[in-house]
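What follows is a single structure, written as C-alpha cells, with notes after it.
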C-alpha cells in the first residue's frame, strides 16, 4: 500500500478553519494535475476547510473522484473547537462523502494532547491497513502537524526523541507499506523491510 500524504495548499491565516487563498488554489490545481498521472485508488481528507478545499480541487482533476472525509485527520487543536457540520460542507464540496456520525449543523472537536494525537494516528494507520490492500494508492490531504505525528507513528519514533518534519503547503510525503510476503530484504546488514519512506516534502509547484 502506498500512502501519499499531502499538506493542504496555502490558506488565509485568520482562524482555525480558513479557506484557501488564490495562491493556494493554484497550488491545489498543480497537485491535482500531478496526481492525475498517478494510480490513485482512494482520496481521503481532513474535514477542515483548507484541507477539503485542496482535496476538492484535486478530486476534480481526477475526474470528479469522490472524497472520503475522515474526521480523525483534522489538525491537532490547542483548544476545543466547533467546526462546520456536514450540511454546510456538502453544499460547498459536493464531491465529499461524510461519515454517518458527523453532525449536520456543527461538529465538535476536542482539544488535543500529545497522547490523543498519538492515539488518533495509531487508529488511522490501523484503519488504513485493515481496509486497503497491498496494491492500493491512497492520497491523504491533511495538515503539517498531523503528517508529522503520522510519520512518528509509522516510523515508530520514540516519543522521548522529538523531531519535526518540515512539510510546506502542498508538500507531498510518500510512504510504502509492504505485506509480509513482499517485504524486500538485503541480508545480512538490513532485515526485512516493512515500511519505506519514498519522499518527504516533495514539491510539484
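The values are calculated or read from the model by the stated rules, or taken from the named source; none is laboratory data. Please read all numbers here as calculations on a predicted model, not as lab measurements. Cβ placement follows ideal geometry from the backbone for every residue including glycine, while neighbour counts extend to all protein chains displayed.
Of the residues 28, 59, the single one that is in contact with a strand residue (DSSP E or B) (Cβ under 9 Å, 6 or more places away or on another chain), buried (at least 17 other Cβ atoms within 10 Å of the Cβ), over 20 Å from residue 120 (Cβ atoms) and touching a residue at least 60 places away in the same chain (Cβ under 8 Å) is 28.
Residues in region 121-140 that are within 22 Å of residue 52 (Cβ to Cβ), surrounded by fewer than 17 Cβ atoms within 10 Å (Cβ to Cβ) and touching a strand residue (DSSP E or B) at 6+ places or on another chain (Cβ under 8 Å): 136 alone.
On inspection, residue 72 does not qualify as surrounded by fewer than 20 Cβ atoms within 10 Å (Cβ to Cβ), assigned to a strand (DSSP E or B) and within 15 Å of the chain's Cα centre (by Cα). Across region 154-176, the qualifying residues are those that are surrounded by fewer than 19 Cβ atoms within 10 Å (Cβ to Cβ) and not in a loop (DSSP other than H, G, I, E, B), and the one among them that is modelled with the highest pLDDT is 174.
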